[in-house]
Amino acid sequence: MTGAGIAAGREPVTVSVVGCGHVSRHDYLPLLAGSPHTRVVALCDADRERAAECAAEFGVGPVSDNVGQCLNETPSELVVNLTPPALHHGVTLDALRAGRHVYSEKPLAMSVSEATDTVALAQERGLRLDAAPYVRDSPVVHALAALVRGGELGHVHTATARYGAESSMSRAAGWRYGRENGGALFDLGVYPVALLRTVLGEPVRLSAHGDVLRPRLAGTGAEQQAGPLAADNTVLTLDFGQGTSAVVQTGFWYGAHPFLLQVELLGEAGAARIAGEGNLMATALEVNSPATGGRWERREVELGDYHWAGGPVRMAADLRTGRAPDHEGTEALRVLRLLTAVEQAAAERSWIDVDDDPTHETHDMEAVLR
């Protein structure tokens, strides 16, 4: 099943959703169920009762608790992978092998070699593959990038970004802390990292420090509950070369700023920041430059129909119209390369050079295709 075959028809793209947790129920499913480009035909979750509740709420089905059964018994064109990060690679490979296009929640996989194999398999099979974060179509990110490239701020030398939230170790959210799922960096830090590389380009090196605060602040019982934990508080520095650097903070202890993506750029001539409401769906920038008379000025941004969880709808629309993909999974691969480099930098307590080619690791296609 290829993109060309789907483009020949004008019916909505049929979608199977794997993973029916909070982000699925509150963000992805409302968009998928309400879009003229998509028709949800199957739901799958390890908790069958949870899948059934989503099916009843959105009037879709059938449901299953087994990915293989879902893929084999319900034909669809696109799989939306909303499982926890440690499961992304396996579910995505199963879907690609079954001839489905795939959109995955972030990250694409938990290692560069796994993600490289996944991208290679999609290309080999003529299938489309993409993953969150869905940054490239955000109007406020476009506006920020245009401001930088237009020169109003002069040479941008410093950027700061912070994105975190207060997160408990409840049954619904505890998976975020597990080492196998990457902790705060892979769950939340990926957003400012992806945004900054979109606005400033690829960093050439980075350093980082991460810490596991949960057992220290909430008692050792948390360690016993979740097993090995990933860092839940991380600070990283990105060096973009030519005197441009950025500091990113992310963690699960940001109760005063819940899910607020704060970004500010400082240039030799001025400064700019995402307006107070923050996030990829912000509707304004605040700019201070010679053009504003040296005062902070609010500039509205038209949000349109953009939604941070709209990546699979965009993919379906492209499939439906025959529009060529922008990058075929390589953008998600580059973001993952940065995340894994951050982990390496934190572990080694040193600066890590970032390879410009995220596919530098070798892969065994025969093993992938089996």
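No lab work stands behind these numbers, since they all come straight from the coordinates. As the structure is a prediction and not an experimental result, all values here were calculated from the model. Glycine also receives a Cβ, built like all others from the backbone with ideal geometry; neighbour counts cover every protein chain displayed.
Annotation: amide H of Thr14 within the under-5 Å range of Arg39, Glu77, Leu78, sequence separation 5 or more or interchain, hydrogens built in the peptide plane. Mind pulling the angle between the C-alpha long axis of helix 112-125 and the longest principal axis of the chain? Nearest 10 degrees, somewhere in 0 to 90. So the inclination is approximately 50 degrees.
Working from the Cα coordinates of the stretch 139-300, the gyration tensor eigenvalues give, after taking √(5λ), semi-axes of 33, 16, 11 Å in decreasing order. The string of couplings for the stretch 138-147 from the Karplus curve (6.51, -1.76, 1.60, θ = phi - 60°) is 5, x, 6, 5, 4, 5, 5, 5, 5, 5 Hz, one whole number per residue in order, with x for Gly and Pro.
When all alpha-carbon pairs of the chain are counted, what percent fall beyond 33 Å? Cα-Cα pairs of the chain separated by over 33 Å account for 30 percent. In order along the stretch 284-301, the phi-based Karplus estimate (6.51 cos²θ - 1.76 cosθ + 1.60, θ = phi - 60°) of 3J(HN,Hα) comes to 6, 10, 10, 10, 10, 7, x, 5, 9, x, x, 10, 6, 10, 8, 10, 5, 10 Hz; Gly and Pro are listed as x.
Listed peptides 331-340, 313-322 appear in the order 331-340, 313-322 once ranked by packing, highest mean of other Cβ atoms within 10 Å at the front.
Peptides 23-34, 93-104 ranked from most to least packed by the mean count of surrounding Cβ atoms within 10 Å: 93-104, 23-34.
Basic side chains Lys and Arg get +1 at the Cβ, acidic Asp and Glu get -1 at the Cβ, and with that the dipole of the stretch 139-300 about its Cα centre reaches some 140 debye. Distances between placed amide hydrogens fall under 5 Å for Ser138 paired with no residue 5 or more residues away or on another chain. In order along the stretch 336-343, the phi-based Karplus estimate (6.51 cos²θ - 1.76 cosθ + 1.60, θ = phi - 60°) of 3J(HN,Hα) comes to 4, 4, 5, 5, 5, 5, 4, 4 Hz; Gly and Pro are listed as x.
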